[in-house]
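This report refers to the structure that appears directly beneath it.
The values are calculated or read from the model by the stated rules, or taken from the named source; none is laboratory data. The model shown is predicted, which means the values in this text are computed figures rather than measured ones. Here Cβ is always computed from backbone atoms with ideal geometry, including for glycine, and neighbour counts include all displayed protein chains. For accessibility, only protein heavy atoms count, side chains too; no ligands or nucleic acids. Shrake-Rupley method; radii C 1.70, N 1.55, O 1.52, S 1.80 Å.
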2 protein chains.
Amino acid sequence: MTDTRIEDIRAQLFRVPLRQVMTDAKHGAHTHFELVTVTIRTADGHEGTGYTYTGGKGGHAILATIEHDLAPFLLGRDAADIDAVYDAMWWHIHYVGRGGITSFAMSAADIALWDIKGKREGRPLWQMAGGASSSARVYRGGIDLNYTLTELLDSIEGYLAAGFTAIKIKVGKADLAEDIERVEAVRRLIGPNTPFMVDANYALDVPQAIAAAKAFNPFDLVWFEEPTIPDNYAGYAEIAETTGMPLAMGENLHTILEFEYAFAQSRLSFIQPDASNCGGVTGFLRVAELSRQAGLPVCSHGMQELHVSLVAAQSNAGWVEAHSFDIDQYTTRPLQLRDGLAIAPDTPGSGVEFDWAKLRAAHDPA
Amino acid sequence: MTDTRIEDIRAQLFRVPLRQVMTDAKHGAHTHFELVTVTIRTADGHEGTGYTYTGGKGGHAILATIEHDLAPFLLGRDAADIDAVYDAMWWHIHYVGRGGITSFAMSAADIALWDIKGKREGRPLWQMAGGASSSARVYRGGIDLNYTLTELLDSIEGYLAAGFTAIKIKVGKADLAEDIERVEAVRRLIGPNTPFMVDANYALDVPQAIAAAKAFNPFDLVWFEEPTIPDNYAGYAEIAETTGMPLAMGENLHTILEFEYAFAQSRLSFIQPDASNCGGVTGFLRVAELSRQAGLPVCSHGMQELHVSLVAAQSNAGWVEAHSFDIDQYTTRPLQLRDGLAIAPDTPGSGVEFDWAKLRAAHDPA
């Protein structure tokens, strides 16, 4: 008999400089991302690592949640019964939880448990998570609202040269005419057959979003992402119904209840959960199940090194986002492309192994 | 000219033992509460203190949010423009926010700014917050699900002897018959004219809540609080419409958006925001304004030493809860009753001054 009880939990926070300052319409300039890792060991000697990340704020609070509220609660629990551990964590910190910091902390712990499960069972994540495929469509998402038009087009040529065959840019300039100019220039550069998305990071109100969606309609977008605040579920439906534009969101929904509201009310065309903030692998798979019931493709936000496995595994797989916060550069296996598809790792566990020395070298505590 | 820029911010965490172990239907046994204080000083020498509290989990994360994410962001900002500071904080930590830990942290900072404002202007909180009255109806809420029936009735006799003229008990026992027995015994004890509420701490599903509400109907309850999870906005409406029972909730709603959903969908009879987790004084006043538009009385959860001022000030004042987490015992002015009403302090500022020596003596870092 193996003893699958949790024996040790260790959390670490890394603050990693971005290779360049990135700007979107709502969060301003990003200079760093924060990575919080959780390494769990079970009594029979298996060890797994999970993680979450932020745009630069909240990392210390996530670390504190894991160290002070989750770790003491998880020690001694059965790491093999992940659903039970997940639900127990949810209720343990519910009063200060229901999304936000605690969702990020739970996500990191949950991913560590799935890493252990895969290593124990000798199975890669894409098999554990559904097994529909080991590869998925992928697009490169730029965080590029501050780029000049020339820099924007240069960056996209770089993405195409790197093997990406679909791209997303930020929109949400103060002047819609400037957004339109950028969308038009990018469409001209990539030609009519390259899938193309835009993302406003919820900078617009509903009337502004409707005007933008109408203006973007000639450019054959796959989707218009987060045109307005995700909490305005009914507002999304109004934008979709008024303009016919396919809409996407999900990175700012952190609880299964919020996803339920979005599926029921928002008339989305794509859903984009992020396992780093919606409850880890367990949370992502619960959203994926809801997306099948709703008849929507499930995509992902950020963390491409993990999401490639989770998206590929779904029968209703949408698109994996290859994000500019390139956590995968600090792993032993950065995202792999083949014929424009992202390839899931076949190694047992989550498939994400950190290059700890590289991470420590990049860490900027300032 | 006064210089109202924020010059210094100091946060502290206290873990305070409860006088006895308290149990409700969903959170299990409480042994401590956590108090996080934030003291802000402006360049012209005014100083104010805000605070938030938890049921024992999350305090370290709230402290980390204030120290690492809010304090550096707030330094140098204008403490006199509280609405602007509030909205700036909301967007600064939005990606890891929208409720949860960050709402608690923002709440503490916001209350400190109102304390400064009142001290600068020489006005008590009840005047700044609306000024309708300086006293409010109050009830004593027990956390007593673990009490034997005898202990329960003894505790209520103690509340009445202390001057309270309205009381609330916990329900949500595994066996509804036991809840009914307790409700019936309490009603018999307090007589037909004493206002009486019950609180299930969302332990029930909707069918269970409907059965309980029907069973409680003969006992003339003022409200049935949190019969089911607050996120199930439509479920509340179903319970209210099926049974006619007046419903209350709010302590688990942390964003103005969540309150909007509740007002629109839940058929509530009372709303119970908690300034410690819904955005401080600013957040509470925004909810109070929505409650007037919705035609509902605004009540409060916990933190009676502060909420007495906020509830009394509203033209649609409901009930102040006098909570068993008696933070007010660690202040220089515990809750004052007169003829069954709670009396708001007339001192400039929030009216809450901590007895720091008593707090430090009670602090249990274990």
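Observations on the structure shown:
- The set of residues from region A:1-28 being free of Cβ contacts under 8 Å to residues at least 24 places away in the same chain and either open to solvent by 60 Å² or more (accessible area, probe 1.4 Å) or touching a strand residue (DSSP E or B) at 6+ places or on another chain (Cβ under 9 Å) (or both) comprises A:Met1, A:Gln20.
- Taking the numbered list (1) under 15 Å from the mean Cα position of the chain (by Cα); (2) open to solvent by 20 Å² or more (accessible area, probe 1.4 Å) in turn, A:Val298 passes all entries but (2).
- One residue from A:Val308, A:Val281, A:Val320 being part of a helix (DSSP H, G or I) and in contact with a helix residue (DSSP H, G or I) (Cβ under 7 Å, 6 or more places away or on another chain): A:Val281
Rundown of residues vs (1) under 24 Å from A:Asp110 (Cα atoms); (2) of a type outside the set (Phe, Trp, Tyr); (3) within 14 Å of chain B (Cβ to nearest Cβ); (4) open to solvent by 20 Å² or more (accessible area, probe 1.4 Å), yes/no style:
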position: A:Leu247; (1), (2), (3), (4): no, yes, no, no
position: A:Glu251; (1), (2), (3), (4): yes, yes, yes, no
position: A:Ser266; (1), (2), (3), (4): no, yes, yes, no
position: A:Val287; (1), (2), (3), (4): yes, yes, no, no
position: A:Ser291; (1), (2), (3), (4): yes, yes, no, no
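- Any chance B:Ala262 is in a helix (DSSP H, G or I), open to solvent by 10 Å² or more (accessible area, probe 1.4 Å) and modelled with pLDDT of 95 or more: no
- Restricted to region A:140-237, the set of helices (runs of 4 or more DSSP H) holding at least 2 residues that are within 15 Å of A:Ala248 (Cα to Cα), touching a residue at least 12 places away in the same chain (Cβ under 8 Å) and touching a helix residue (DSSP H, G or I) at 6+ places or on another chain (Cβ under 8 Å) comprises A:206-216.
- Screening B:Asp81 against (1) touching a strand residue (DSSP E or B) at 6+ places or on another chain (Cβ under 8 Å); (2) more than 7 Å from chain A (Cβ to nearest Cβ); (3) open to solvent by 50 Å² or more (accessible area, probe 1.4 Å) leaves a single unmet condition, (1).
- Qualifying residue in region A:29-40 (condition: open to solvent by 10 Å² or more (accessible area, probe 1.4 Å), within 13 Å of chain B (Cβ to nearest Cβ) and more than 22 Å from A:Cys278 (Cβ to Cβ)): yes
- Considering B:Ala80, B:Ala108, B:Ala112, the condition of being hydrophobic (A, V, I, L, M, F, W, C), under 28 Å from B:Arg333 (Cβ atoms), touching a Phe, Trp or Tyr at 6+ places or on another chain (Cβ under 7 Å) and modelled with pLDDT of 95 or more is satisfied by B:Ala108 alone.
- Note on region B:85-102: residues that are open to solvent by 20 Å² or more (accessible area, probe 1.4 Å), in contact (Cβ under 8 Å) with a residue 12 or more places away in the chain and at the interface with chain A (Cβ under 8 Å from one of its Cβ atoms) amount to 1.
- Filter pass, B:Phe284 being within 20 Å of B:Tyr51 (Cα to Cα), among the aromatic types (Phe, Trp, Tyr) and at pLDDT 95 or above: yes
- Region B:214-225, subset out of contact with any Asp or Glu (no Cβ under 6 Å at 6 or more places or on another chain) and of a type outside the set (Phe, Trp, Tyr), residue most open to solvent (accessible area, probe 1.4 Å): B:Lys214
- Condition check for A:His68 on (1) farther than 19 Å from B:Thr255 by Cβ; (2) more than 7 Å from every other protein chain (Cβ to nearest Cβ); (3) surrounded by fewer than 24 Cβ atoms within 10 Å (Cβ to Cβ): one failure, at (2).
- Count of region A:52-91 residues, restricted to those that are charged (D, E, K, R) and within 22 Å of the chain's Cα centre (by Cα), is 3.
Each row is one residue, and each column tells you yes or no for (1) among the polar types (S, T, N, Q); (2) open to solvent by 10 Å² or more (accessible area, probe 1.4 Å); (3) away from chain A (no Cβ under 14 Å).
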residue: B:Phe104; (1), (2), (3): no, no, no
residue: B:Lys119; (1), (2), (3): no, yes, yes
residue: B:Gln127; (1), (2), (3): yes, yes, yes
residue: B:Ala132; (1), (2), (3): no, yes, yes
residue: B:Arg140; (1), (2), (3): no, yes, yes
residue: B:Thr148; (1), (2), (3): yes, yes, yes
residue: B:Ala161; (1), (2), (3): no, yes, yes
residue: B:Thr165; (1), (2), (3): yes, yes, yes
residue: B:Val171; (1), (2), (3): no, no, yes
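- Leading residue by the ranking (least open to solvent (accessible area, probe 1.4 Å)) among those in region B:333-366 that are hydrophobic (A, V, I, L, M, F, W, C) and part of a helix (DSSP H, G or I): B:Leu359
- If only residues of region A:106-117 that are under 24 Å from A:Glu251 (Cα atoms) and aliphatic (A, V, I, L, M) are counted, the one that is nearest to the other protein chains (Cβ to nearest Cβ) is A:Met106.
- Odd one out for B:Phe73 among (1) within 11 Å of chain A (Cβ to nearest Cβ); (2) open to solvent by 50 Å² or more (accessible area, probe 1.4 Å): (2)
- Region B:187-216, residues that are touching a Ser or Thr at 6+ places or on another chain (Cβ under 7 Å) and not aromatic (Phe, Trp, Tyr): B:Thr194, B:Leu204, B:Asp205, B:Val206, B:Ala209, B:Ile210, B:Ala213, B:Lys214
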